[in-house]
Each structure stands twice: as structure tokens, then as C-alpha cells.
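Okay, so here's the structure we're looking at.
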């Protein structure tokens with residue numbers, strides 16, 4: 001039995017997102033910000049958090065977009081990485097052995113060019129022990145002509161989630177983009193097709209320009225904006241989706257500390273993901289998870305379930 005499979009003590013903020021995805025903490029680390037956890041494990045006690053969402057994996061290796069593909073902005077970061085990754089074969093051979101030893105949940109983020117791509121990756125990973133579920137990336141704003149097409153269309157979202165539901169008994173978390181007219185419509189399509197949860201928001205389309213050179217800072221021209229700058233947008237979208245679906249909502253977007261996490265819980269998140277701030281404070285996930293546990297274990301505190309979605313609007 002691996003460390004990943006050993007029983008862990010129940011905490012006051014422990015929860016289940018359904019279909020085998022049980023978390024000892026509602027804090028997850030977001031895809032694309034912690035790679036596969038190898039380097040971060042030297043700076044953060046990953047057993048203190050609920051889980052880690054891996055860097056996106058596609059069927060074939062991808063080199064991504066050409067540099068410059070990251071640019072800092074006020075209170076945020078623009079990225080146009082383009083889902084660069086090592087591909088499924090190397091992920092299974094080189095990364096899964098480490099991930100299986102983690103004493104925390106492992107969720108694999110999956111990207112693809114077609115429904116068949118997504119299905120092939122999920123099918124091959126399904127036979128591997130030590131993975132708790134999949135976050136299906138239908139919402140990357142810096143890869144032209146791929147996931148965003150599915151992620152902004154209700155029927156396409158329903159189709160791909162339906163097909164993946166036939167393939168896997170594992171937890172399916174669908175990552176949603178804010179770059180749509182109605183995010184709740186897409187969330188409902190995912191729910192109706194068999195998704196177990198939705199995660200939101202992915203990055204917001206943005207752009208930065210050097211006025212001296214008259215050129216964009218990113219080679220891709222536009223990219224995905226993340227960081228504290230997008231938190232108000234994220235909170236509004238989480239609240240909208242929470243009031244539309246019955247499946248769990250995993251909130252993200254600009255979470256920089258304990259207080260931000262609590263705001264997301266009030267808006268309806270049953271779990272949260274921390275992303276950009278991992279680059280600044282590698283142990284932020286551990287610290288936020290500890291603060292949340294202390295809050296809900298204090299005398300007279302509400303239960304975690306009672307607190308989530310308890311925003312007072314009247």
C-alpha cells in the first residue's frame with residue numbers, strides 16, 4: 001500500500017466531492033502552477049493540503065507557444081504557455097511513480113485537441129492506481145482552436161463529458177472558462193452529462209503592451225490573466241454557478257490567503273484551488289489549509305458544510 005492510499009485522520013474541514021474524491025482539506029493546488037509537485041514537496045508539506053492538480057497532460061507532447069509567454073501585470077500574471085507538456089507516455093513513466101507516493105489526493109488535468117484525445121488519455125490513466133480523478137481542461141484561453149471551442153459551447157461540453165463519463169468511473173471535474181456569455185449554462189451542461197464537480201474560473205483573456213516598442217509583451221499577443229486581479233470576477237462566477245448546479249463547485253481565481261479562501265466558501269465553493277500565489281509563496285497551500293482547519297475546529301465555529309454557500313444577501 002502506498003502512502004497515497006493510507007488512511008488519514010478526519011479533520012473539521014474534511015469533505016468528499018463525490019465518486020471517491022475524498023479530501024482531508026478543501027485546499028487544492030491548481031494546475032499549471034506546481035508542475036507535478038516534485039520541486040514543491042521540498043518547500044511545502046503536501047500532506048497538509050487536500051490535493052494537487054497536475055500540470056495539463058495531453059496525448060502527445062507539446063512544446064507550447066513561443067516565448068515571451070509570461071508577463072507580470074498589476075496584481076496578476078499573463079501567461080500564454082500553450083499547454084506545453086511532456087505527453088502521456090512520459091507522464092506515466094516519469095511522474096506517476098512520484099505522485100502515487102503522495103499522502104494527498106492527485107487529480108490529473110487533461111487537455112486535448114479532440115474528444116478522442118481526451119478519451120484516450122482518460123482510458124489509459126484509468127488502469128493506473130494512485131490517481132483520484134481528472135480535471136478536464138475545456139477552457140484554456142491561449143491555445144487557439146482547441147479546448148476553448150468545447151468550453152464555450154453548451155452542446156460540445158455536454159458531448160465530451162458524456163463520452164468521458166462512459167469511459168471512467170473516477171471523479172470528473174470540469175474546468176470552466178469565464179470567457180463566455182453564461183457560465184452557468186456551460187456548468188449545467190457538464191452536470192447533466194455526468195460531471196461530478198466543476199472548477200472555476202480559468203484565466204481571463206488579457207493583453208499587455210510595451211508602449212515604447214509598440215509591441216505586445218506576449219508573443220501570442222493575448223494570454224490568460226490570473227492572480228488577485230481576477231478575484232472579484234471569480235467570486236461572481238462561483239456564486240452564479242453555485243446557484244445553478246447541484247454538484248460541488250471548486251472555486252479559484254486570485255486566492256492569495258485565508259481570507260480569500262473564506263470568501264470563496266461563502267460564495268458556494270466546497271473546495272478551492274490556489275494557483276498564481278504558489279509562485280510567490282510556495283508553502284501558501286499548507287498555510288491556508290492550516291488556517292482553515294483552525295477556524296473550523298475552534299469552539300462555537302460553524303461546521304464547514306454550514307459555512308459553504310451561507311452568503312447573506314438580504
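The values are calculated or read from the model by the stated rules, or taken from the named source; none is laboratory data. The model shown is predicted, which means the values in this text are computed figures rather than measured ones. Every residue, glycine among them, receives a Cβ derived from its backbone with ideal geometry; neighbour counts consider all protein chains shown.
So that you can scan it fast, the table gives a plain yes or no per residue for (1) under 24 Å from residue 105 (Cβ atoms); (2) assigned to a helix (DSSP H, G or I):
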site: 195; (1), (2): yes, no
site: 198; (1), (2): yes, no
site: 224; (1), (2): no, no
site: 238; (1), (2): yes, yes
site: 247; (1), (2): yes, no
site: 254; (1), (2): yes, no
site: 269; (1), (2): yes, no
site: 272; (1), (2): yes, no
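For region 100-142, a tally of residues being assigned to a loop (DSSP other than H, G, I, E, B) and within 14 Å of residue 161 (Cα to Cα) returns 5.
If only residues of region 287-303 that are within 15 Å of residue 49 (Cβ to Cβ) and surrounded by fewer than 21 Cβ atoms within 10 Å (Cβ to Cβ) are counted, the one that is farthest from the chain's Cα centre (by Cα) is 294.
Within region 266-275, the set of residues being within 17 Å of residue 295 (Cα to Cα) and buried (at least 23 other Cβ atoms within 10 Å of the Cβ) comprises 269, 270, 271, 272.
What is the number of the single condition among (1) modelled with pLDDT under 95; (2) in contact with a helix residue (DSSP H, G or I) (Cβ under 6 Å, 6 or more places away or on another chain) that residue 153 does not meet? Evaluating residue 153 over (1) modelled with pLDDT under 95; (2) in contact with a helix residue (DSSP H, G or I) (Cβ under 6 Å, 6 or more places away or on another chain) leaves (2) as the failure. Contact annotation: residue pairs with Cβ atoms under 7 Å, 6 or more positions apart or on different chains, pairing a residue in region 287-300 that is closer than 13 Å to residue 45 by Cβ with a partner that is surrounded by fewer than 16 Cβ atoms within 10 Å (Cβ to Cβ) and modelled with pLDDT of 95 or more, are 288/257.
I'm trying to understand the selection: among the residues of region 204-221, which are outside any strand (DSSP E or B) and either farther than 9 Å from residue 78 by Cα or out of contact with any strand residue (DSSP E or B) (no Cβ under 8 Å at 6 or more places or on another chain) (or both)? 211, 212, 213, 214, 217, 219, 220, 221, listed by residue number. Of all the numbered requirements in (1) in contact with a strand residue (DSSP E or B) (Cβ under 9 Å, 6 or more places away or on another chain); (2) surrounded by fewer than 17 Cβ atoms within 10 Å (Cβ to Cβ), residue 29 misses one, and that requirement is (2). The number of residues in region 51-67 that are out of contact with any strand residue (DSSP E or B) (no Cβ under 9 Å at 6 or more places or on another chain) and closer than 24 Å to residue 221 by Cα comes to 3.
Go through (1) crowded, with 20+ Cβ neighbours inside 10 Å; (2) within 26 Å of residue 307 (Cα to Cα) for residue 224 and report which single condition fails. Exception for residue 224: condition (2).
Is there a residue in region 200-210 that is free of Cβ contacts under 8 Å to residues at least 12 places away in the same chain and more than 21 Å from the chain's Cα centre (by Cα)? So far as region 200-210 goes, yes, one or more of its residues are free of Cβ contacts under 8 Å to residues at least 12 places away in the same chain and more than 21 Å from the chain's Cα centre (by Cα).
Of the residues making up region 80-99, just one is more than 19 Å from the chain's Cα centre (by Cα) and either part of a strand (DSSP E or B) or in contact (Cβ under 8 Å) with a residue 40 or more places away in the chain (or both), namely 98.
The sole residue among 72, 39 that is over 22 Å from residue 231 (Cβ atoms) and surrounded by fewer than 19 Cβ atoms within 10 Å (Cβ to Cβ) is 39.
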